[in-house]
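A.B. asks: Here it is: the structure, laid out below.
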Amino acid sequence: MYADDRIRIGMKENGENVYIEPSMCCRHGLIAGATGSGKTITLKVLAESFSDMGVPVFLADVKGDLAGMCMPGQETDDMKERIERFSLTEAGFDFHGYPSVFWDIYGKKGIPLRTTISEMGPDLLATVLGLNDLQTALLNIVYKIADDQGLLLVDTKDLKAMLNYVSDNNKKFEDDYGKIAPVSIAAIVREVVALEMKGAEQFFGETAINIRDFFSTGPEGRGVINILDSSSLINDPTLYSMFMMYLLSELFETLPEVGDQAKPKFVFFFDEAHLLFNGASKDLLTKIEQVVKLIRSKGVGVYFATQNPSDIPDGVMNQLGNKIEHALHAYTPAEQKKVRAAAEGLRENPEFNTYETLMSLGTGEAVVSFLAPDGVPSLAQKVAILPPQSQMGEITESVRDSEIKSSLLYSKYAQSYDPDSAYEFLKRKGVEEEEAKEAARIAEAEQKEALKAQQAAEKEEQRALQKAEREEQRAKEKGGRAMKSAAKSVGNSVAGTVGREVGKSVGSSFGKFGKTLGGNMGASIGRGIIGTLFGGR
Ligand SMILES: Nc1ncnc2c1ncn2[C@@H]1O[C@H](COP(=O)(O)OP(=O)(O)OP(=O)(O)O)[C@@H](O)[C@H]1O
Ligand SMILES: [Mg+2]
């Protein structure tokens, strides 16, 4: 609980209160302990204290037992005893719920929490996808091309469309962006599909989270407790780590540098943190380590709750200044080794044996060491942790539902929408190109048809012309013959007539030589002369 301007976390056996300095809370922390030893309750007590200080927090709720923070705790016999033992009434302890906002990337147990492919950025995405250096460089290029062309990368559809577009047009882009190997792009597409199959599609989309919406305060000035339901999310540790890493990176990028502060601006809790590290690749672990190291200057404290301190990689563990270690059990030499390492990670107190003590702690008890204002870790102390003021355990569906819907953020994020982004643009472009190709194909076919028809018409005309010529020729020829025959007939007729006349005349002139001779001979001679004159035979 928040008391005496500090976080009162517990009480030593001698009745002395043990505090955590708010100014040292950005030096991060560890809550470790075996199953049922009290980690989640300790995490709640810390989160409540930050909220009471006006500091908003973010919790990953893996088992649903952090959800009760929105409800007041109950005065059971056990609680009454603790309140009395810790003299909490005098310190202002009362049961109350905390202003809470429920989130869920699947949108079932909380307000949908999404981001976009652009917001996630190529480097974190490459780490999550497990890309090699070359593929990471290519992914960066694909983001750059999308940027240069004004194409939004919102969801995995957009990313796949963009990757395929760059691959299909690699020659066109190579002058400006360097070598683009379609084989490597195909490998990235396969990784994106694998990520989609794990359910990441839900996480990418609009309306994307504005991380500043985590930073609100409730009616009494208490910091809001943002509770991310992770019960489904942890089924895939890769997604869980990707998501948590994204939130941390986003906080890091969004918040200004503030240096050391009297109290944190924001505190981030990872319950069941071994899941975060188990699913993380080596690159992701390095990234987590870097962000944890740097984020403290942004006024953000990060607290990991896990079963064994050995779950936390050394690089991260070295950053954790405030340690709360609940009971640890060791039945095998390997387990004893781990407990010994945990004990050695705490500043030794000559008054007790830390190793032995860690293995003999009761539920809700811990060995703790916190950073003093001068940055020096306190001696290890055995303490009983205070009880929480809010409800322990889960909440009913109806309580959750009303909490979700009463949040002002519900109307902002409840509905998803698919904006006009890279996928839609490239699909349209593809359709337009197909339509243009089809139109060109039709035009070409029509042109061919028209050409054929023209050629056929020309042939027909040619044939008609030839026919006409032939007919003309024939007609001419026919005409010639007719003339001849006409001439012949004229000739015949004229010659006959003339011949007859001449014959007649001649015959009459030769009348005296006899009738037969004059008539026929005259006609015959006359016919011969006239026929020659008219061109006949
Ligand atoms: N500080 C405390 N005050 C009151 N009760 C406590 C406290 N710590 C633990 N308890 C009791 O012990 C139970 C188990 O604690 P908790 O759920 O925190 O364990 P855990 O270490 O988170 O277990 P798991 O690893 O299974 O998540 C609580 O439900 C509560 O009843
Ligand atoms: Mg727990």
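The values are calculated or read from the model by the stated rules, or taken from the named source; none is laboratory data. All of these numbers come straight from a predicted model, not from anything done at the bench. Cβ sites come from the backbone with ideal geometry, for glycine too, and all protein chains shown count toward neighbours. For accessibility, only protein heavy atoms count, side chains too; no ligands or nucleic acids. Shrake-Rupley method; radii C 1.70, N 1.55, O 1.52, S 1.80 Å.
A.B. asks: What is the Å³ per residue value for the convex hull set by the Cα atoms of the stretch 355-404? The partial results should precede the final answer.
C.D. replies: Details: hull volume 7.2 nm³, N = 50.
Cα-based convex hull of the stretch 355-404, divided per residue, equals 145 Å³.
A.B. asks: Label-point separation (nm) for residue 437 and residue 282, each offset 7 Å from Cα along Cα-to-Cβ?
C.D. replies: 4.4
A.B. asks: Still on this structure: Which number do you get for Rg(Cα) / (2.2 N^0.38 Å) in the stretch 37-177?
C.D. replies: Working: Rg = 24.3 Å, N = 141, 2.2 N^0.38 = 14.4 Å.
Against the compact-globule rule of thumb, the ratio is 1.69.
A.B. asks: Taking Cα atoms, how many degrees apart are the long axis of helix 522-533 and the longest axis of the chain, rounded to 10 and kept between 0 and 90?
C.D. replies: That works out to roughly 30 degrees.
A.B. asks: Something else about it: Could you tell me how many cubic angstrom of Cα convex hull volume the stretch 281-346 has per residue? Let's see the in-between values first.
C.D. replies: Values: hull volume 6.1 nm³, N = 66.
Here the figure is 92 Å³ per residue.
A.B. asks: Under a point spin-label approximation (7 Å from Cα along Cα-to-Cβ), what is the residue 467-residue 187 distance to one decimal in nm?
C.D. replies: Label at residue 467, label at residue 187, 7.3 nm between them.
A.B. asks: Extension gain residue 16-residue 254, at 0.36 nm per residue separation less the Cα-Cα distance, in nm?
C.D. replies: Details: separation 238, 0.36 × 238 = 85.68 nm, distance 4.02 nm.
That works out to 81.7 nm of additional length.
A.B. asks: Residues with amide H under 5 Å of residue 3's amide H, sequence separation 5 or more or different chain, H placed in the peptide plane at 1.01 Å from N; which?
C.D. replies: Amide H neighbours of residue 3, under 5 Å, 5+ apart: 8.
A.B. asks: What do the square roots of 5 times the Cα gyration tensor eigenvalues come to for the stretch 372-468, in whole Å, largest first, as semi-axes of the equivalent ellipsoid?
C.D. replies: Numbers: eigenvalues 1465, 91, 20 Å².
Semi-axes (√(5λ), whole Å): 86, 21, 10.
A.B. asks: Separation between the residue 294 and residue 336 pseudo-spin-labels, each 7 Å from Cα along Cα→Cβ, expressed in nm?
C.D. replies: Reported label-point gap for residue 294 and residue 336 is 4.4 nm.
A.B. asks: Another question, then. What shape does the stretch 260-312 take by its C-alpha gyration tensor, where a ≥ b ≥ c are the square roots of the eigenvalues and a/c under 1.5 counts as rounded, a/b above b/c as prolate, and the rest as oblate?
C.D. replies: The shape class here is oblate.
A.B. asks: Counting only protein heavy atoms and a 1.4 Å probe, tell me what percentage of the chain's accessible area is made up of carbon and sulfur. All intermediate terms of the calculation are to be shown ahead of the outcome.
C.D. replies: Numbers: 13670 of 26500 Å².
Whole-percent figure for carbon plus sulfur exposure: 52.
A.B. asks: A further question follows. Could you derive backbone 3J(HN,Hα) for the stretch 306-314 from the dihedral phi with the Karplus parameters 6.51, -1.76 and 1.60 (θ = phi - 60°), listing whole Hz in sequence and x where the residue is Gly or Pro?
C.D. replies: 7, 6, 10, x, 5, 5, 8, x, 3
A.B. asks: State to the nearest 20 debye the size of the charge dipole of the stretch 122-194 about its Cα centre, where the only charges are +1 on K and R beta carbons and -1 on D and E beta carbons. Display every interim value, and only then the final one.
C.D. replies: On the way: 7 positive and 11 negative charges, 47 e Å.
In debye, rounded to 20, the stretch 122-194 gives about 220.
A.B. asks: What ³J(HN,Hα) values, in whole Hz, does the Karplus curve 6.51 cos²θ - 1.76 cosθ + 1.60 give for the stretch 347-363 when θ = phi - 60°, with x put for Gly and Pro?
C.D. replies: The phi angles translate into 5, 4, 10, x, 6, 8, 8, 4, 4, 5, 4, 4, 8, 10, 5, x, 4 Hz.
A.B. asks: How big is D, in µm² s⁻¹, for the chain by Stokes-Einstein at 25 °C and 0.890 mPa s if Rh is the Kirkwood radius over C-alpha pairs?
C.D. replies: Once the numbers are plugged in, D ends up at 82 µm²/s.
A.B. asks: Here's another thing I want to ask about it. Sorted by mean Cβ packing within 10 Å, highest first, what order do the peptides 402-414, 440-452, 49-61, 33-45 take? Before the final figure, lay out each step's value.
C.D. replies: Details: 402-414: 15.4, 440-452: 10.0, 49-61: 24.2, 33-45: 21.5.
Answer by packing, highest mean first, reads 49-61, 33-45, 402-414, 440-452.
A.B. asks: Rounded to the nearest 5, what % of DSSP beta bridges with both residues in the chain are antiparallel? Walk me through the numbers before you get to the answer.
C.D. replies: Working: 20 of 49 bridges.
Of those bridges, close to 40 percent are antiparallel.
A.B. asks: Right, something else. Residues with beta-carbon under 11 Å from that of residue 304, excluding residue 304: net charge, scoring Lys, Arg +1 and Asp, Glu -1?
C.D. replies: On the way: positive: 39, 323; negative: 271, 272, 311.
Neighbourhood net charge equals -1.
A.B. asks: Of 400, 222, which has the most accessible area and how do the rest follow, probe 1.4 Å?
C.D. replies: Numbers: 400 15, 222 40 Å².
Descending accessible area places them as 222, 400.
A.B. asks: Ok, one more. May I ask you to derive the relative contact order of the chain, considering only C-alpha pairs under 8 Å and at least 6 residues apart, and to give it as an integer percent?
C.D. replies: Details: 907 pairs, mean separation 127.7, N = 537.
Value for the chain: 24 percent.
A.B. asks: Next up: Let me see the pair-distance distribution of the stretch 235-358: every alpha carbon pair, 5 Å bin width, integer percents in order.
C.D. replies: 2, 10, 19, 20, 17, 14, 10, 5, 2, 0
A.B. asks: Okay, moving on. Using each residue's phi in the stretch 379-386, evaluate 6.51 cos²θ - 1.76 cosθ + 1.60 at θ = phi - 60° and report the 3J(HN,Hα) Karplus result to the nearest Hz, with x for Gly and Pro.
C.D. replies: 4, 4, 10, 8, 9, 9, 7, 5
A.B. asks: Whose amide H sits under 5 Å from the amide H of residue 103, counting only residues 5 or more places off or on another chain, with H placed in the peptide plane?
C.D. replies: The list, which skips near neighbours in sequence, is 111, 227, 228, 229.
A.B. asks: Still on this structure: Say the cut-off is 25 Å between C-alpha atoms; which of 293/323; 109/338; 39/109; 63/337; 39/382; 39/293 go over it? Before the final figure, lay out the partial values.
C.D. replies: Values: 293/323 16 Å; 109/338 36 Å; 39/109 23 Å; 63/337 29 Å; 39/382 15 Å; 39/293 23 Å.
From the list (293/323; 109/338; 39/109; 63/337; 39/382; 39/293), the Cα-Cα distance tops 25 Å for 109/338; 63/337.
A.B. asks: If you don't mind, another one. What residues qualify as long-range amide H neighbours of residue 321, i.e. H under 5 Å apart, gap of 5 or more or another chain, H built at 1.01 Å from N?
C.D. replies: 28, 29
A.B. asks: Further question: Taking 0.36 nm per residue of separation and subtracting the Cα-Cα distance, what length does fully extending residue 459 through residue 144 add? Each step should come with its number before you reach the end.
C.D. replies: Details: separation 315, 0.36 × 315 = 113.40 nm, distance 6.02 nm.
So the chain would gain 107.4 nm between residue 459 and residue 144.
A.B. asks: May I pose another question? How big is the convex hull of the Cα atoms of the stretch 122-194, per residue, in Å³? Mind dumping the intermediate values first?
C.D. replies: Numbers: hull volume 5.7 nm³, N = 73.
Dividing the Cα hull volume of the stretch 122-194 by its residues yields 78 Å³.
A.B. asks: In addition: For the stretch 1-58, what does the alpha-carbon gyration tensor say about shape, rounded, prolate or oblate, given a ≥ b ≥ c as the root eigenvalues, a/c under 1.5 as rounded, and a/b over b/c as prolate? Provide the component values of the computation, followed by the final result.
C.D. replies: Values: a/c = 1.73, a/b = 1.11, b/c = 1.55.
It is oblate, given that a/c is not under 1.5 and a/b is not larger than b/c.
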